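Participant: Let me begin by handing over the structure; questions about it come next.
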Amino acid sequence: MLRILLRHWWTISCRTFDWKRLGVVAYFALCMVFGMWMGFEASGNKMSTLFHHPDSMYYIVPLVVGFSVSEVLMKLFLKHDITGSDDYVHTKPISRRTWNSFLFALNLVDYLNWAVPVLVLILACLGLPLGYALLAFALALLVSMTDGLLITAHHKAQGWMFKFVLWLAWLVYYVFAAVFMVLLMPQLSPIWRVMVWGIVTLLFAGCLFIYMCYLPHYADYRQQQHVARRLTSGHLLSMDWKMLMRVKRFRMTILLVSAIFVVQVYLNARGNNDGVYPRGFLDTYLLMPIFFPAIIIGQNLLGVESNFLHGLLTRPFDMESLLRRKLLFFIQLNALLMLVLLPGVFLSYWSLGKLLSSFIFSSGCDLFLLPSCLFSQRLDLNSTSFFNYQGGKMSFHLYGLLMLLPLMFTFALYHFLPSGQLVQAILAVIGVVLLSLSPFVIRRLARYFWTKRHQLVETFNQ
């Protein structure tokens with residue numbers, strides 16, 4: 001039965017091979033090699049001196065573990081595993097054990113699991129003896145296969161509880177790696193370092209595979225819903241949060257952008273940046289993590305709903321309530337990012353008044369995102385925005401750039417007005433005025449949308 005599954009997978013792979021993913025992997029590999037070459041040339045050294053050191057073979061384990069972290073992030077974006085069986089597989093008497101063996105076999109032949117080990121082999125051959133280079137390749141391949149099992153188990157797990165256990169185990173694995181490299185590794189020879197860490201990685205891979213085998217599929221444990229709930233406003237609002245967590249195009253972008261801006265805000269507030277940035281720049285930058293995630297979603301407001309807008313129009317559909325729900329969702333998103341920045345108040349990085357005024361002003365400026373419902377375009381729900389320009393339309397990208405005007409306005413206030421408290425009061429008043437105007441603006445937008453609904457629906461599907 002495993003042979004039938006592998007033959008079926010090979011037939012599908014030959015017909016639907018993802019050349020774009022292979023190109024992205026090759027692109028990153030070339031960028032990594034070119035970046036290392038440029039770094040060595042800029043420092044006055046040659047690339048061939050990378051491992052030309054008396055103790056170079058002692059750094060095999062740190063090299064492999066260092067590549068592993070970036071490798072997991074790359075596979076999280078690019079590795080798409082077949083964890084659920086299709087209609088053809090359901091017609092065959094395939095057991096759970098056979099299916100899990102099939103998932104393990106796919107990890108062995110996936111070229112993503114071979115890309116980093118081959119790169120490690122090339123780097124090791126530049127200066128290490130052939131035996132140590134092959135030893136580094138074997139350890140890198142074992143670690144890469146383990147990372148691939150982690151991503152496969154992540155895709156198979158249904159629900160955050162099962163995924164939380166996986167990433168917690170991965171964190172414990174790397175904490176043990178740090179302890180091993182600091183305390184135990186100096187006492188061992190190069191070969192024993194690789195052997196011991198290979199045994200630890202093999203044990204971790206075995207635990208991952210056993211956990212993946214016992215992971216329930218959603219059809220195995222999810223009970224049938226017998227009670228039909230009424231679609232109230234609360235349930236409709238929760239649909240926006242579910243959309244954010246399930247649509248790959250928004251989920252990964254929001255997480256990465258929010259993490260980058262939040263870390264940058266904290267680093268700027270902690271460091272001594274006197275004279276580095278213009279006056280008022282750091283105060284304005286506090287708006288970026290609060291307001292920018294809403295811009296990413298709001299510049300194509302009905303991108304998700306456009307996939308089933310024809311069905312909505314056959315129901316008693318209320319566009320005004322939809323726009324009101326979108327505005328409330330953006331405000332909740334701003335509030336969530338504000339809570340992430342709240343510890344900075346207790347660390348004296350910024351005042352509570354500055355944080356609250358930024359939140360109120362961002363919530364008011366969310367009103368400017370609602371007119372994008374008139375030129376939204378359907379988005380693919382199952383693909384990420386990484387190297388993906390599906391639905392690329394100049395109108396909503398330009399509209400997203402217009403949303404930078406409130407940031408420029410805030411920077412001008414902080415730069416030219418002498419008092420920061422005065423700027424905070426002005427921003428709070430503007431935000432309250434915009435929120436008070438939201439019912440009137442939403443009503444006019446909904447009325448215009450309803451009069452042009454047939455023309456707009458055809459535009460959405462282009």
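Participant: May I ask you to list pairs of residues, at least six apart or on different chains, whose Cβ atoms are under 8 Å apart, with the first in the stretch 5-27 being touching a residue at least 40 places away in the same chain (Cβ under 8 Å) and the second being surrounded by fewer than 11 Cβ atoms within 10 Å (Cβ to Cβ) and not acidic (Asp, Glu)?
Facilitator: Going by the 8 Å Cβ cut-off, the qualifying pairs are Leu22/Tyr111; Val25/Tyr111.
Participant: Sticking with this structure for a sec: State whether the residues of the stretch 94-107 include one that is closer than 19 Å to Cys213 by Cβ and without any contact (Cβ under 8 Å) to a residue 60 or more places away in the chain. Explain how you work it out, then say what you get.
Facilitator: Within the stretch 94-107, the first condition is being closer than 19 Å to Cys213 by Cβ, and the residues that meet it are 94-107.
Pick out the ones that are also without any contact (Cβ under 8 Å) to a residue 60 or more places away in the chain and you get 107.
Yes, the conditions are met somewhere in the stretch 94-107.
Participant: When you scan the stretch 116-133, do you find a residue that is in a loop (DSSP other than H, G, I, E, B) and within 27 Å of the chain's Cα centre (by Cα), even just one? Reasoning before the result, please.
Facilitator: Looking only at the stretch 116-133, we keep the residues that are in a loop (DSSP other than H, G, I, E, B), and these are 126-129.
Okay, now just the ones that are also within 27 Å of the chain's Cα centre (by Cα), so none.
No, every residue in the stretch 116-133 fails to be in a loop (DSSP other than H, G, I, E, B) and within 27 Å of the chain's Cα centre (by Cα).
Participant: How many residues, within the stretch 166-185, are open to solvent by 70 Å² or more (accessible area, probe 1.4 Å) and either closer than 21 Å to Gly131 by Cα or under 27 Å from the mean Cα position of the chain (by Cα) (or both)?
Facilitator: Number of matching residues: 5.
Yes/no per residue for (1) buried (at least 19 other Cβ atoms within 10 Å of the Cβ); (2) at pLDDT 80 or above:
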| site | (1), (2) |
| --- | --- |
| His90 | no, no |
| Ser101 | no, yes |
| Leu112 | yes, yes |
| Val116 | yes, yes |
| Ala124 | yes, no |
| Pro129 | no, no |
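Participant: Let me ask something else about it. Any idea which of (1) farther than 28 Å from Arg443 by Cβ; (2) over 26 Å from the mean Cα position of the chain (by Cα); (3) surrounded by 14 or more Cβ atoms within 10 Å (Cβ to Cβ) is the one Leu341 doesn't satisfy?
Facilitator: Tallying (1) farther than 28 Å from Arg443 by Cβ; (2) over 26 Å from the mean Cα position of the chain (by Cα); (3) surrounded by 14 or more Cβ atoms within 10 Å (Cβ to Cβ), Leu341 fails exactly one: (2).
Participant: Ok, one more. If Ala138 passes every condition in (1) farther than 30 Å from Tyr214 by Cβ; (2) touching a residue at least 40 places away in the same chain (Cβ under 8 Å); (3) surrounded by fewer than 18 Cβ atoms within 10 Å (Cβ to Cβ) but one, which one does it miss?
Facilitator: Failed condition: (1).
Participant: Considering every residue within the stretch 383-404, establish whether at least one is modelled with pLDDT of 85 or more and crowded, with 20+ Cβ neighbours inside 10 Å.
Facilitator: no
Participant: Which of (1) within 27 Å of the chain's Cα centre (by Cα); (2) touching a residue at least 60 places away in the same chain (Cβ under 8 Å); (3) more than 23 Å from Leu405 (Cα to Cα) does Leu328 not meet, given it meets every other one?
Facilitator: (3)
The values are calculated or read from the model by the stated rules, or taken from the named source; none is laboratory data. All values reported here derive from a predicted model rather than from experimental measurement. Neighbour counts are summed over all protein chains in view; Cβ atoms, including those assigned to glycine, are modelled from backbone coordinates with ideal geometry. Please note that ligands, DNA and RNA were not included when accessible areas were found on the heavy atoms of the full protein model with its side chains. Shrake-Rupley method; radii C 1.70, N 1.55, O 1.52, S 1.80 Å.
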